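Heads up, the thing below is written out as structure tokens.
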Amino acid sequence: SATVMGVIVVALVASSRPGSWRWLERLMPFANAAVGGLAVALLISQGLPPTVSGLAVAIVAQFGFTIFRLEPLAAGLGVGSYLVPFVVYIALRPEPAAPWVAFGCVLSFVAGLLANVVMNRVSRESYRQERIIEEQKRRIDHERARADALLHSILPVPIAERLKLAPQTISDHYDEVTVLFADVVGFTPLAARLAPAQLVELLNEVFTRFDGLAERHGVEKIKTIGDAYMAVAGVPKAGGDTARAAAELALAMRAELAALPAGRDHGIRLRIGLCTGPVVAGVIGAKKFAYDLWGDTVNTAARMEAHGVPGEIQVSESTWLRLQNRYTLAERGTVEIKGKGPMRTWLLVGPLP
């Protein structure tokens, strides 16, 4: 009885942490055979009705299989474990067994076998259903993870999470951000000179490197427009030194392009423009939506790039005011900017020595 109770206690404890008790699952069929035979002999020797003894042991033994949801093969070993105990019990008795004892042993075996078969069938079906449900959950989780990864590659993570919780138009105002535009100089003749596959491969390599730099400097990539690259510091997480983050990214982008192996860069150079100020950011539309920025700051940053100097980083006055004490900036002078008129601009050289 103590042995049987011990098996029950161990099974209950193990069931609470199945991942840590795999070894017990492998031993359960053999423990079933040994403990089942011993328990049957002890119960009958104490004068309990043989049929009740067989059923009790069958239920106790199968209890472990029901908890662990073992494979049918393991449970099948438990079904066959009732034959040996009865034969051994009858053969090793000190005196010939009375007919009623032999009959009781056979009846106990049959009862235990039937109980084991029935319970094993129920356990196996339950186990099969659990496996199906677990597999479906794994597939759903996998597909959800893929969908989330795709969504996060299109939208900033906080924006994607807001859309998942409540699909709606998103619009936020930011008091101070720094917008960066970068454009490949001479892209049109380059496109005419390169094969389509080479052109796409070149842009993909360059912009992939820029993506890594933007993430490293805490700047959010907004989009690519043909051969132009747009990013912003201070969105969607407001605050921080946005001018410095954008300046560091611009310098890193220029250095990264210069570090491309000779022959692979095809002699391309960048024009980069920066502007600091307020923007409105959000997601509009119901199909093929994208996170975008609006406002005069965006337009000015685009003009800083378009009217810039190949290989240089041109900044507006608002950005210059925030960088002048930490970076070397060469005043370019007053430049006629389309749609803006004359504007003072500066070229970002690098950090102060």
(message) Restricting to segment 322-342, and then to whatever is farther than 20 Å from Glu256 by Cα and in contact (Cβ under 8 Å) with a residue 40 or more places away in the chain, can you tell me which residue is least open to solvent (accessible area, probe 1.4 Å)?
(response) Leu323
(message) I'm trying to understand the selection: among the residues of segment 162-191, which are at pLDDT below 85, open to solvent by 60 Å² or more (accessible area, probe 1.4 Å) and not in a helix (DSSP H, G or I)?
(response) Pro167, Gln168, Thr169, Ser171
(message) Being over 30 Å from the mean Cα position of the chain (by Cα) and closer than 29 Å to Pro278 by Cβ is the requirement here; does Gly234 meet it?
(response) no
(request) Looking for whichever is within 19 Å of Met253 (Cβ to Cβ) and among the aliphatic types (A, V, I, L, M) here; the options are Ala281, Ala290, Ala330. Which one fits? (result) Ala330
(request) Can you confirm whether segment 278-300 contains a residue that is open to solvent by less than 60 Å² (accessible area, probe 1.4 Å), in contact with a Cys (Cβ under 8 Å, 6 or more places away or on another chain), in contact (Cβ under 8 Å) with a residue 24 or more places away in the chain and not β-branched (Val, Ile, Thr)? (result) no
(message) Every residue in segment 192-209 that is in contact with an Asp or Glu (Cβ under 7 Å, 6 or more places away or on another chain) and open to solvent by less than 40 Å² (accessible area, probe 1.4 Å), please.
(response) Leu203
(request) Determine whether segment 246-260 contains at least one residue that is modelled with pLDDT of 95 or more, crowded, with 20+ Cβ neighbours inside 10 Å, under 17 Å from Gly295 (Cα atoms) and not acidic (Asp, Glu). (result) no
(message) Can you confirm whether Gly350 is surrounded by fewer than 17 Cβ atoms within 10 Å (Cβ to Cβ), touching a helix residue (DSSP H, G or I) at 6+ places or on another chain (Cβ under 7 Å) and at pLDDT 90 or above?
(response) yes
(request) Identify all residues within segment 227-245 that are open to solvent by 60 Å² or more (accessible area, probe 1.4 Å) and either in a loop (DSSP other than H, G, I, E, B) or not basic (Lys, Arg) (or both); write none if there are none. (result) Lys237, Ala238, Gly240, Asp241
(request) Select, from Ile133, Ile159, Ile140, the only residue that is in contact (Cβ under 8 Å) with a residue 40 or more places away in the chain and either exposed (fewer than 11 other Cβ atoms within 10 Å of the Cβ) or of a type in the set (A, V, I, L, M) (or both). (result) Ile159
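The values are calculated or read from the model by the stated rules, or taken from the named source; none is laboratory data. Everything numeric in this text was worked out from a predicted model, so none of it was measured. Note that each Cβ is placed from the backbone with ideal geometry, even for glycine, and that neighbours are counted across all protein chains shown. For accessibility, only protein heavy atoms count, side chains too; no ligands or nucleic acids. Shrake-Rupley method; radii C 1.70, N 1.55, O 1.52, S 1.80 Å.
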